[in-house]
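The values are calculated or read from the model by the stated rules, or taken from the named source; none is laboratory data. It should be emphasised that the depicted structure is a prediction, and the values quoted were computed from it without experimental measurement. Methodologically, a virtual Cβ is constructed for each residue, glycine included, from the backbone with ideal geometry; neighbour enumeration extends over all protein chains shown.
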Amino acid sequence: MKHTISALVENEFGVLARVANMFAARGYNIECLTVAETLDPTVSHMTIVTSGDDKIIEQILKQLNKLINVIKVSDVTETDHVERELVLIKVAAEGDRRAEALRLVEIFRAKVVDVSPDSLMIEITGDENKLRAVIELFKNLGIREIVRTGKVAMQRSQKTKAARKPVEEAA
Amino acid sequence: MKGADIFLECLKREGVDILFGLPGGVTLDIYDSLYDCEGLRHILTRHEQGAVHMAEGYAKASGKVGVALVTSGPGATNAVTGIADAYMDSVPLVCFTGQVNTYMIGNDAFQEADTLGITRSCTKHNYLIKNVKDFPRIVREAFYIARTGRPGPVVVDIPKDVSRADAEFVWPETVGLRGYKPTIEGHIGQVRQALKAILGSSRPLLYVGGGAISADASDAVIRFAEKLNIPVTVTLMGLGAYPASGPCYVGPLGMHGYYNCNMAISDCDCLFAIGPRFDDRVTGKTDEFSLKSVKIHIDVDPTSISKNVPTQIPIVGQIGRVIEQMYEELAKTDPKVIEAFKKRIKPWWNQIAQWEKQNPLCFKASTNGKVKPQFAIQKLWEVTKGDAVVATDVGQHQMWAMQYYRVNHPRHFLTSGGLGTMGFGLPAAIGAQFAKPDKLVVCISGDGSLQMNIQELVVAVEHKLPIKVMLINNGAHGMVTQWQRFFYKRRYSASQFMQPDWVKLADAYGARGLRVEKPEDMEAGIREMLKVSGPVLLDVKVDPEEDVFPMVPAGGAVNKMILPESPLS
Ligand SMILES: Cc1ncc(C[n+]2csc(CCOP(=O)(O)OP(=O)(O)O)c2C)c(N)n1
């Protein structure tokens with residue numbers, strides 16, 4: 001089963017490598033991974049989509065937690081959360097197809113971000129289901145190129161505020 | 001203050017008194033500062049792998065953090081095997097590696113290696129110091145990470161220009177690592193549940209691993225086991241956590257463990273695991289492992305729990321503290337419940353004794369005039385009264401040492417259990433002797449393993465260390481030949497080899513070389529070895545056809561052992 005894992009990590013060089021390395025070294029799969037700075041410039045947020053049975057997911061969570069630079073890890077899959085992904089699609093848009101493409105843009109509340117005589121570049125944000133549906137429809141029109149950001153996820157309510165008290169050891 | 005001096009000052013603040021290493025261009029500033037540094041002893045090894053194993057031996061024997069210092073590139077890559085070894089066996093270690101100047105990193109400079117990248121998978125954590133100002137903080141964190149929680153190796157990469165740069169020395173009084181907070185106290189609900197499961201069982205077994213030793217929890221284990229009279233089996237890494245002479249001891253378990261222990265773990269109804277990893281060399285086939293038992297597992301490292309075998313009652317915490325908590329709960333328990341438990345498990349004790357009688361650990365006495373390796377180790381145990389610190393290498397001799405050298409104290413059996421590194425024994429013994437100058441330290445090695453770091457023998461000579469190396473010489477990679485005998489129709493592919501003259505080799509290094517070829521000379525040989533004051537290499541020519549029994553074939557069920565009389569042998 002697919003799981004979406006949300007992690008707060010120290011914003012330091014090498015952290016992404018450590019996380020990716022943990023997955024690679026233990027043979028776990030990363031479907032997608034996004035990372036960016038949070039409000040606190042010393043902390044980054046990672047969203048990792050992976051798959052595996054309960055035992056594997058439990059190990060992944062524990063192993064992530066074990067990394068010294070990882071501050072907090074949570075599996076948001078089963079919790080109430082919001083997931084979004086951004087996609088850029090370049091579609092063929094000559095003649096009649098242009099009107100059809102613009103109609104789809106309208107329906108899905110997408111945005112046209114670039115125009116050329118025979119194509120349109122469209123930006124769409126949404127969850128997995130919406131994007132799948134949109135991409136299917138645009139496929140019929142003819143997709144020339146597509147790029148996706150990968151998922152970002154955030155838990156609803158207050159729970160994402162990580163405990164960020166430093167660990168202290170007496171001198 | 002210069003970076004190199006800051007470094008040494010940091011080591012002193014961390015209580016380091018000895019470091020093992022080998023210099024190179026990029027660490028010359030550090031070595032220059034070491035030249036007239038007081039209070040820090042540097043031991044020059046002959047190979048960086050030797051340096052790291054010495055630091056491991058020192059750490060395992062003393063419980064302190066071992067420290068190694070190597071140069072960049074080839075120095076760092078030579079150290080990797082030792083670092084990986086320390087990682088697998090949870091040895092607290094900090095390895096400092098030199099690095100090329102910061103502005104040259106990434107340019108394929110002379111003797112540059114991506115040390116951070118290379119050691120990422122085999123360290124608990126690693127650092128590259130980019131700014132001399134970070135030096136004290138990073139060293140402080142490195143030692144803190146190495147020794148707390150589940151101990152492990154930390155690598156600190158020091159570029160040459162950082163060790164030459166100047167900064168004010170500011171020692172951070174605290175460590176602030178927001179993502180790292182090992183759990184110490186066990187969850188009290190789980191602790192109670194564990195105790196209830198134990199007291200309700202009829203066939204309990206205590207299964208003790210290396211975690212109990214690295215947590216210095218041996219006393220707690222003894223007290224708990226003896227209070228309830230629970231049979232204790234140990235892993236290779238757990239040898240000494242409970243004394244072999246103690247009343248609850250039943251022996252080591254696993255691939256070459258005692259028959260009664262492997263039967264007991266398969267048949268128990270409550271398995272109380274204290275700091276083992278449920279290694280495949282112990283569990284055998286996991287789907288058939290200890291199916292009748294409720295499993296309780298104490299470990300500081302949550303990733304160890306339910307990794308290989310599902311655990312019903314996990315307790316994350318520092319082992320000594322958790323057992324103490326269990327003990328506190330035990331004090332509140334109705335004594336009648338405890339008495340009833342002790343009575344209930346009597347048949348279980350009888351069953352274990354029965355198994356032992358059925359298939360005791362044994363070997364046949366020599367009939368061909370050749371020394372049996374088991375006999376040699378048993379004699380060593382008798383003569384030393386089981387009191388030596390024993391370091392082993394990897395192979396048959398290691399397994400016989402586990403079986404026949406009955407260890408009574410924690411930190412007295414040093415072996416490479418996780419990585420199984422040939423070449424560990426001799427340098428580890430040297431490190432242990434530095435840690436315990438008054439102890440008798442014996443390295444039990446094989447002719448294959450000893451050749452992997454034999455160059456360190458001269459370090460023992462140089463520092464007048466009275467190390468004794470007992471070489472179980474079978475003219476082959478014995479463990480490999482055993483598998484070839486059992487599973488490959490005796491086709492000895494690449495497992496037999498030409499030997500050096502070990503006595504002359506010892507002589508050449510300035511140690512004493514002795515040789516034993518007959519069983520009747522064994523005891524005298526050992527006594528002679530112990531009488532000599534300096535380092536000795538005792539070459540014991542043993543019967544090359546001898547196999548280690550019992551044996552659980554890899555991937556088989558633990559209770560299905562090949563025994564000495566079985567037709568396969
Ligand atoms: C560095 C390394 N290389 C290879 C092996 C694989 N291996 C395991 S045991 C063994 C043979 C060990 O021979 P020896 O040291 O002579 O001990 P014996 O089994 O004869 O007692 C080998 C080659 C290993 N464990 N470590």
Reported set for region B:420-475 where residues are on the phi > 0 side of the Ramachandran plot, surrounded by fewer than 24 Cβ atoms within 10 Å (Cβ to Cβ) and within 12 Å of the ligand (Cβ to nearest atom) is B:G420, B:G475
Applying the selection to region B:152-171, what residues are farther than 21 Å from A:I71 by Cα, within 14 Å of another protein chain (Cβ to nearest Cβ) and in a loop (DSSP other than H, G, I, E, B)? B:V170, B:W171
Sole exception among (1) over 24 Å from B:G152 (Cβ atoms); (2) out of contact with any Leu (no Cβ under 6 Å at 6 or more places or on another chain); (3) within 14 Å of chain B (Cβ to nearest Cβ) for A:T77, by number: (3)
Would you check which residues across region A:31-66 are away from chain B (no Cβ under 14 Å), of a type in the set (A, V, I, L, M, F, W, C) and within 30 Å of B:G176 (Cβ to Cβ) and list them? A:L33, A:V35, A:A36, A:L39, A:I48
Among residues of region B:125-151, those that are facing chain A (nearest Cβ under 10 Å) and either under 20 Å from B:V16 (Cα atoms) or in contact with an Asp or Glu (Cβ under 9 Å, 6 or more places away or on another chain) (or both), counted: 11
Just name the residue that is farthest from the chain's Cα centre (by Cα) out of those in region B:372-421 that are part of a loop (DSSP other than H, G, I, E, B) and farther than 26 Å from B:G82 by Cβ. B:K372
Could you check region B:288-341 and list, in sequence order, the residues that are over 22 Å from B:P182 (Cα atoms) and of a type in the set (A, V, I, L, M)? B:L291, B:V294, B:V309, B:L330, B:A331, B:V337, B:I338, B:A340
Take the residues of region B:150-168 that are closer than 20 Å to B:G106 by Cβ and not β-branched (V, I, T): which is surrounded by the most Cβ atoms within 10 Å (Cβ to Cβ)? B:S163
Condition first: part of a helix (DSSP H, G or I) and at the interface with another protein chain (Cβ under 9 Å from one of its Cβ atoms). Now tell me which residues in region B:114-124 satisfy that. B:L116, B:G117, B:R120, B:S121
Report, ordered by the first and then the second residue, all pairs with beta carbons closer than 6 Å, sequence separation of six or more or different chains, a first member in region B:435-448 that is more than 14 Å from chain A (Cβ to nearest Cβ), and a second member that is within 16 Å of the ligand (Cβ to nearest atom) and charged (D, E, K, R). B:S445/B:D393; B:G446/B:D393
Take the conditions buried (at least 20 other Cβ atoms within 10 Å of the Cβ), away from chain A (no Cβ under 14 Å) and under 30 Å from B:V542 (Cβ atoms) and apply them to B:G257. Does it pass? yes
Being in contact (Cβ under 8 Å) with a residue 12 or more places away in the chain and surrounded by fewer than 16 Cβ atoms within 10 Å (Cβ to Cβ) narrows B:I184, B:I138, B:I118 down to just B:I184
Name the residues in region B:347-371 that are more than 21 Å from B:P252 (Cα to Cα) and either basic (K, R) or within 16 Å of the ligand (Cβ to nearest atom) (or both), would you? B:K370, B:V371
If we only count strands (runs of 3 or more DSSP E) wholly inside region A:81-132, which ones have 3 or more residues that are surrounded by fewer than 15 Cβ atoms within 10 Å (Cβ to Cβ)? A:111-116
List pairs: first residue in region B:545-567 and under 12 Å from B:N359 (Cα atoms), second residue assigned to a loop (DSSP other than H, G, I, E, B) and of a type in the set (V, I, T) anywhere in the structure, Cβ distance under 6 angstrom, at least six positions apart or on different chains. B:M561/B:V552
So A:N69, is it within 14 Å of another protein chain (Cβ to nearest Cβ) and out of contact with any His (no Cβ under 6 Å at 6 or more places or on another chain): yes
Contact list please: Cβ distance under 7 Å, first residue in region A:74-94 and closer than 30 Å to A:I143 by Cα, second residue among the acidic types (D, E) and in a strand (DSSP E or B), pairs at least six apart or on different chains. A:L86/A:E123; A:L88/A:E123; A:K90/A:E145
Within region A:13-24, can one find any residue that is in a loop (DSSP other than H, G, I, E, B), more than 12 Å from every other protein chain (Cβ to nearest Cβ) and not aliphatic (A, V, I, L, M)? no
Residue list for region B:179-231, restricted to those being among the small types (G, A, S), away from every other protein chain (no Cβ under 14 Å), over 23 Å from the mean Cα position of the chain (by Cα) and assigned to a loop (DSSP other than H, G, I, E, B): B:G186, B:G200, B:S201, B:S202
Leading residue by the ranking (nearest to the other protein chains (Cβ to nearest Cβ)) among those in region A:136-171 that are modelled with pLDDT of 95 or more and surrounded by fewer than 13 Cβ atoms within 10 Å (Cβ to Cβ): A:V147
